[in-house]
Every structure is written in structure tokens, then in C-alpha cells.
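Please treat every number below as a calculation from the coordinates, not as lab data. The structure displayed is predicted, hence computed values, not measured ones. Please note: Cβ atoms are built from the backbone with ideal geometry, for glycine as well, and neighbour counts cover all protein chains shown.
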Amino acid sequence: MQWTSILAIYGLVWVMTAFVSLPFGIKTHDEAGMPKVAGQADSAPANFRPGRLAIRTTFIAAGLTAIYVLNYIYGWVGLQDINLLGWLFEAPTS
């Protein structure tokens, strides 16, 4: 696998991880006991920290990408292992 492919996969995993981890650890102003600004949405986060999110996402995405690349190299899990349609990868009998 080329390093550019690994970089592209890392970028995709990073973005997906960022979107999945956005709601974790976030509190609204009502939950945090803070006053709201006029016109503010009730669901607006009171303690959003994009730097902390980026650091957490970077480490998680690096780990997931490393697992993916190692699986690609060593072939731990293949299509035959996750075959939900049994007939799809069966050898034809004659």
C-alpha cells in the first residue's frame, strides 16, 4: 500500500471519527447551569472545545488507520470471514 493511500484513508477516518465524537462530553447551557444569550438555540453547546476534539480525533483515527493498514498487510480479516451471503464466495461444485 502506498503512503498516499494510507494518508487518504487516514483523512477519511479522521473526518468520520470527528463527526462521531462530536456529541460526547458536550453540555447545553441548561445542563451546565449557565445563562443563555438572547436568540440562542436551546441545544447550543456551552463547553465546545474544538482543540480537544481535534486531538482526541487525531489519536483515535491514527489507531484505527494503523489497524486497517496492518489488516491489509497481514490479512487477519478478509471477505470470506465476514461473508453474510454464504453462496457468494463458495467454490462451484461440478
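Screening Q80 with (1) loosely packed, with under 13 Cβ neighbours inside 10 Å; (2) within 29 Å of M1 (Cβ to Cβ); (3) touching a helix residue (DSSP H, G or I) at 6+ places or on another chain (Cβ under 8 Å); (4) polar (S, T, N, Q) gives one miss only, at (3). Filter the stretch 1-50 down to the residues that are part of a helix (DSSP H, G or I) and of a type in the set (D, E, K, R), then identify the one that is farthest from Y68 (Cα to Cα). Of everything passing the filter in the stretch 1-50, D30 is farthest from Y68 (Cα to Cα).
Note on the stretch 51-72: residues that are hydroxyl-bearing (S, T, Y) and either over 12 Å from I9 (Cβ atoms) or in contact with a Leu (Cβ under 8 Å, 6 or more places away or on another chain) (or both) amount to 2. Selection of the stretch 44-75 for residues being over 27 Å from G33 (Cα atoms) and polar (S, T, N, Q) yields T57, T58, T65, N71.
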